[in-house]
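The values are calculated or read from the model by the stated rules, or taken from the named source; none is laboratory data. Note that the structure is a prediction, hence the values are computed from the model and not measured. Neighbour counts are summed over all protein chains in view; Cβ atoms, including those assigned to glycine, are modelled from backbone coordinates with ideal geometry.
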Amino acid sequence: MRFIKQVLALASLTSVLALNQEEIIQRLEKCIDEINNYSSCNISFRGIESDSQLDSYCARMTSSKCREFTKDPYSVLQNCYLIKDNTDLRDLININSIKTLGAEVKEVCAKDERGEYCPLSITHRTSVSQYDIRLRETCKRPSCAAADRQLQNDYIRIRREQGYGYFRDYQSRIDYLDSAECKNLANPPKPTTTRRTTTTTTTTRRRTTTTTTTTT
């Protein structure tokens, strides 16, 4: 489990928690059991290339169980909650990493109006970036642009929870998604048409006939 770090170090932390060693071990065992129960919800999407593999991954990661875990790990890891207020124990589980994974999964698994995975999904999953091209393609698909905007806001929220104050890169992305340039890619201006009317008048000895032809 990638978010458990040096579990054995707990044995030396008895004095920090003012608990006896037996109580520490009991809490640790229950905490690890809870973490194991959610291990299938802490799997990276890196390297997933085929849509069939991604379908399976997203079905699991977007389940109510995994969504709850990645949104607020401590809400389901109740026996691990003591870690939250202790610097040494906090190193055993990377809460921000789990929250970031949950935020990114929402875009990785997002689909456009035609039911296809969004362009930036493959950028997250593989080493094939083509970032500028995929970002422009994202602008053309409103649901995908909304998913990327949500991800940038989630990045800002998670960093703010960590105490960081630098959000310029994320805000710049949001500003671009909200820009006229991006929105025009989704709704390109319609081509203008020119209407031309030709009137022909034919006069005979007894009557006059007028014919009007309109072309665009």
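For region 148-170, name all the residues that are closer than 22 Å to Lys183 by Cα and over 15 Å from the mean Cα position of the chain (by Cα).
Those that are closer than 22 Å to Lys183 by Cα and over 15 Å from the mean Cα position of the chain (by Cα): Arg168, Asp169.
Given the structure, is Leu54 assigned by TED's automatic domain parsing to the domain that holds Glu34, in contact (Cβ under 8 Å) with a residue 60 or more places away in the chain and either outside any helix (DSSP H, G or I) or closer than 27 Å to Leu185 by Cβ (or both)?
yes
Between Phe45, Phe3, which is assigned to a loop (DSSP other than H, G, I, E, B), modelled with pLDDT of 95 or more, of a type outside the set (A, V, I, L, M) and within 21 Å of the chain's Cα centre (by Cα)?
Phe45
Identify, please: which residue in region 110-155 is of a type in the set (Val, Ile, Thr) and more than 26 Å from Ser63 (Cβ to Cβ) and is, among those, surrounded by the fewest Cβ atoms within 10 Å (Cβ to Cβ)?
Val128
Are there any pairs with C-beta distances below 7 angstrom linking a residue in region 157-182 that is under 20 Å from Ile98 (Cα atoms) to a residue that is not hydrophobic (A, V, I, L, M, F, W, C), with the two at least 6 apart or on different chains, and if so which?
Sorted first by the residue in region 157-182, then by its partner, the pairs are Ile158/Asn96; Ile158/Lys99; Ile158/Thr100; Gln162/Asn96; Phe167/Arg159; Tyr170/Gln152; Tyr170/Tyr155.
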